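Below: one structure, written as C-alpha cells.
Only the coordinates and a few stated rules stand behind these numbers; no lab work does. On a predicted model such as this, the values are computed, not experimentally measured, just so you know. Heads up, the Cβs are rebuilt from the backbone with ideal geometry, glycines too, and the neighbour counts pull from every protein chain shown.
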Amino acid sequence: MVRSQFDGLVGQDTAVALLCRAIAQRRLAPAYLFAGPHGVGRRRAAAHFAEILFAPESGEPPAALGRRIAQRNHPDLLWVEPTYLHQGKLIGASVAAEVGVSRKSPPQTRLEQVRQIAQFLGRPPLEAPRAVVVIEAAETMAEGAANGLLKTLEEPGQATIILLAPDPQSLLPTLVSRCQTIPFQRLNAADMATVLQRVGHPEVLEQPQILAMAQGSPGGAIAAYQQLQTIPADLLTALHQPPGSLRQALEQARQVAKTLDTESQLWLLDYLLNWYWQSYPAESPRWLPKLEAAKSYLRRFVQPRLVWEVMLMELVQP
C-alpha cells in the first residue's frame with residue numbers, strides 16, 4: 001500500500017525502497033537529505049512522503065489530502081523555497097517571474113526563513129501525527145542560515161525535515177551528518193520519455209539539444225525548453241556560431257544584455273556550452289573555457305554587457 005503511493009515516481013527504485021522500509025519498520029529519521037539532480041522526482045517524492053506521514057490520523061480521502069499537500073495549504077506542512085529580496089520583501093523563486101522581479105542574482109534560502117522553520121516547529125502539530133518541513137534547493141543556504149538550521153535538525157521535536165540538494169558535497173558536513181541520505185538518480189532515455197509523455201510535454205522529446213542539456217532530468221528538460229522559448233529566435237540563431245567580426249560581437253553582446261536578465265544569460269551560456277561542444281568539437285577546447293569564465297563573471301556581478309563583449313570578441317572568427 002505504501003509503495004503504491006510512490007507509483008508516479010519513475011526511475012527511483014532505490015529511493016522508494018529506502019523510504020518504504022523506514023515507514024514499514026517505523027524507524028523514521030528526524031531529517032532526510034534527498035540528494036540528486038534537479039527535476040528527477042525529489043520534490044514529488046517529498047510530497048508523497050509527507051502524504052504518507054500525515055495519513056494515519058487524517059480522516060480525509062487520500063486524493064483530497066494529496067491536493068492539500070500539492071497546494072501547500074496543510075497546517076502541518078511548511079514548504080520552503082529560495083527567495084529573492086525585492087523592496088525589502090522575500091519573494092519566492094516560483095512567483096518571481098509572475099510579479100516581474102528583476103533576477104540579477106540567484107535566489108537564496110535565507111536566515112529569516114530558517115527562523116520561520118524554528119517558529120513553525122515550536123508548536124505541536126495541529127492535524128497530523130507530526131509536522132513536515134521541506135527545504136528546496138538547500139544548497140543555496142549561506143553559511144549563517146545553514147548554521148542556524150543545525151539546532152533545529154538536532155531537536156526537531158514532532159517533525160520530519162527533508163532537505164533537497166544535488167549532492168551531500170553541496171551542503172555543510174555538519175548538516176549532512178544529521179540527515180539520512182536518500183539517493184535520487186538521473187533517468188535513462190526510456191524513463192525520460194515516459195515522464196515527459198505523462199506530464200504532457202511530448203514536444204520536448206523532439207529537441208535533442210534540450211535533452212542533451214537535461215542529462216536525464218525530465219524537470220530540467222521541461223525548464224530548459226520553456227527557457228528556450230524566451231530567447232529571441234534571431235539572437236539564438238546568431239549565437240549558434242561565433243561572431244564573424246568585432247562589430248558583430250559588440251552588437252550581439254548589446255542585444256543579450258538588453259533582452260535577458262542575469263539568470264537567463266547564465267542559462268544561455270549553459271546552452272551555448274552544450275551547442276559548441278556538439279557542433280564544433282575541434283574548436284571547443286579553446287572556446288568553452290571562455291564561456292565558463294563568462295559564467296563566473298556574471299555570478300560575481302560583473303556588468304553583463306561587458307562580460308558578453310569580452311567573451312564574444314575572444315570568439316571572433318574571420
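Could you put ASP7, ASP191 in order, starting from the residue whose Cβ has the fewest other Cβ atoms within 10 Å?
Neighbour counts put them in this order, fewest first: ASP7, ASP191.
Counting only pairs 8 or more places apart or on different chains, how many lysine pairs in the chain have C-alpha atoms closer than 30 Å?
Lysine pairs, 8 or more places apart or on different chains, close enough: 9.
What are the trypsin sites (Lys or Arg not before Pro) within the range 230-318 that DSSP puts in a loop, where the Cβ has at most 13 other Cβ atoms within 10 Å?
ARG300
Please identify the chymotrypsin sites (Phe, Trp or Tyr not before Pro) of the range 271-318 that satisfy two criteria: DSSP loop assignment and at most 12 other Cβ atoms within 10 Å. Which are they?
Counting only loop positions with at most 12 other Cβ atoms within 10 Å, the chymotrypsin sites (Phe, Trp or Tyr not before Pro) in the range 271-318 are PHE301.
Under unit Cβ charges (Lys, Arg +1; Asp, Glu -1), what dipole magnitude, rounded to 20 debye, does the chain have relative to its Cα centre?
I would put it at about 480 debye.
Rounded to a whole number, what is D in µm²/s for the chain from Stokes-Einstein with the Kirkwood radius over alpha-carbon pairs (4 °C, 1.567 mPa s)?
Here the translational diffusion coefficient equals 60 µm²/s.
Say R0 is 41 Å: what FRET efficiency, to the nearest 0.05, do LEU288 and LEU126 get from their beta-carbon distance?
Computed FRET efficiency for LEU288 and LEU126: 0.20.
Return the equivalent ellipsoid semi-axes of the range 189-228 as a descending list in whole Å, where each equals the square root of 5 times an eigenvalue of the C-alpha gyration tensor.
13, 11, 8
Which of CYS179, CYS20 comes first, and how do the rest follow, when ranked by fewest Cβ neighbours within 10 Å?
CYS20, CYS179
So how strong a dipole does the range 48-192 carry about its Cα centre when Lys and Arg Cβ are +1 and Asp and Glu Cβ are -1, to the nearest 20 debye?
360
Rounding to the nearest 20 debye, state how big the charge dipole of the range 128-229 is about its Cα centre with +1 on each Lys and Arg Cβ and -1 on each Asp and Glu Cβ.
220
Over what distance in Å are the Cα centres of the range 1-34 and the range 232-279 separated?
Centre-to-centre (Cα) distance: 43 Å.
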